[in-house]
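Worksheet: one structure, shown below.
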Amino acid sequence: MPKVMLITGASRGIGAATARLAARQGYALCLNYRQREDAALWLLDEVRALGAHAIAVKADVAEEDQVLELFAALDHEFGQLDVLVNNAGMLERQMRLEQMDAARWTRVLGANVIGSFLCAREAIKRMSTRHGGQGGAIVNLSSVAARLGAPGEYIDYAAAKGAIDSMTLGLAKEVAGEGIRVNAVRPGVIHTEIHASGGEPERVERVKASVPMGRGGQAEEIAEAILWLASEQASYTSGALLDVSGGR
């Protein structure tokens, strides 16, 4: 049986790039999506064409009951889990903090923090040797925004990713003796559709001058880091916050 990887928010961007690379490396895949069914099914066809045993499961990871249904589908299809990639996340339109309402914070923290927590919880129940599992790896998607703060744009998103960093560090220590490694990748400015959600589709071009390497990154470059952290090549790496940001 190949190793099984669950990727949340897999229908686009970094999630989709990770799925393609994982399929090429021989993983079986559970592809989670929330809304973009057409894109998710297209990706499902792609990874199956690459030889992967794969399913696509619709679930909003911010909703506990839907996370339980997602993992039930995973259990039914594969009966195991080896890698969780907590990729699902979102941001909202650029604005200053005093313009934000509580509902926005609830949405942003729900998608980026609560979803990652719920999926990590369910993954541990299946992977931890304490629960009869065989071990595994969790890779969380953070952002360099966690240390830069995203002033004037997405302080709420930056704060959410700061929470992901803290969870990564604490959880890595908590489950290190149970065969589970927990790490995070912190992308910089990457060419994905997420910038359109913030109201500035060309944001990468605007800010690339602030990147020492002088360019935005590609989703495939983040996928490479995720797959390394998931692999045996990273067998002694846990609690790492890996910046993939062009030096920013």
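Rounded to the nearest percent, how much of the accessible area of the chain (1.4 Å probe, protein heavy atoms only) is carbon and sulfur?
51
Using θ = phi - 60° and the Karplus curve 6.51 cos²θ - 1.76 cosθ + 1.60, what whole-Hz ³J(HN,Hα) does each residue of the range 236-243 get, with Gly and Pro shown as x?
Using θ = phi - 60°, the values come out as 10, 10, 8, x, 8, 10, 8, 6 Hz.
Using +1 on the beta carbon of Lys and Arg, -1 on that of Asp and Glu, and nothing else charged, what's the dipole of the chain about the Cα centre, debye to 20?
520
Once every DSSP H run of n ≥ 4 in the chain is given -39500 (n - 2.57) and the sum is divided by its residues, what mean residue ellipticity at 222 nm do you get, rounded to the nearest 500 deg cm²/dmol?
Helix-only estimate at 222 nm: -13000 deg cm²/dmol.
In the chain, with Lys and Arg counted as +1 and Asp and Glu as -1 at Cβ, which of these residues, A146, A56, G9, has the Cα nearest the positive end of the dipole, that is, farthest along it?
Of the candidates, A146 comes out farthest on the positive side.
Please list the non-local residues whose amide H lies under 5 Å from the amide H of R181, H modeled 1.01 Å from N, same-chain partners needing a gap of 5 or more.
HN-HN under 5 Å from R181: G136, A137, I138.
In whole Hz, with x marking every Gly and Pro, tabulate ³J(HN,Hα) for the range 136-151 from phi via Karplus 6.51 cos²θ - 1.76 cosθ + 1.60, θ = phi - 60°.
x, 9, 10, 10, 8, 9, 9, 6, 5, 4, 4, 9, 8, x, 6, x
What whole-number value in Å² describes the accessible area per residue of the range 4-244 for a 1.4 Å probe?
On a per-residue basis, the range 4-244 sits at 44 Å².
Output wanted: per-residue J couplings in Hz (rounded whole) for the range 54-59, from phi through Karplus 6.51 cos²θ - 1.76 cosθ + 1.60, θ = phi - 60°, x for Gly and Pro.
Ordered by residue, 3J(HN,Hα) equals 8, 9, 10, 10, 7, 6 Hz.
Using a Förster distance of 51 angstrom, determine the FRET efficiency expected from the C-beta separation of E77 and E202, and round it to 0.05. Mind dumping the intermediate values first?
On the way: r = 40 Å, r/R0 = 0.78.
The calculated FRET efficiency here is 0.80.
Pop the C-beta distance of Y236 and R93 into the FRET formula with R0 = 51 Å and round what comes out to the nearest 0.05.
Calculated value: 0.75.
The values are calculated or read from the model by the stated rules, or taken from the named source; none is laboratory data. The shown structure was predicted, so the numbers you read here are calculated from the model rather than taken from an experiment. Cβ: placed from backbone, ideal geometry, glycine included. Neighbour counts: every protein chain shown. Areas reflect the complete protein model, heavy atoms only, side chains present, ligands, DNA and RNA absent. Shrake-Rupley method; radii C 1.70, N 1.55, O 1.52, S 1.80 Å.
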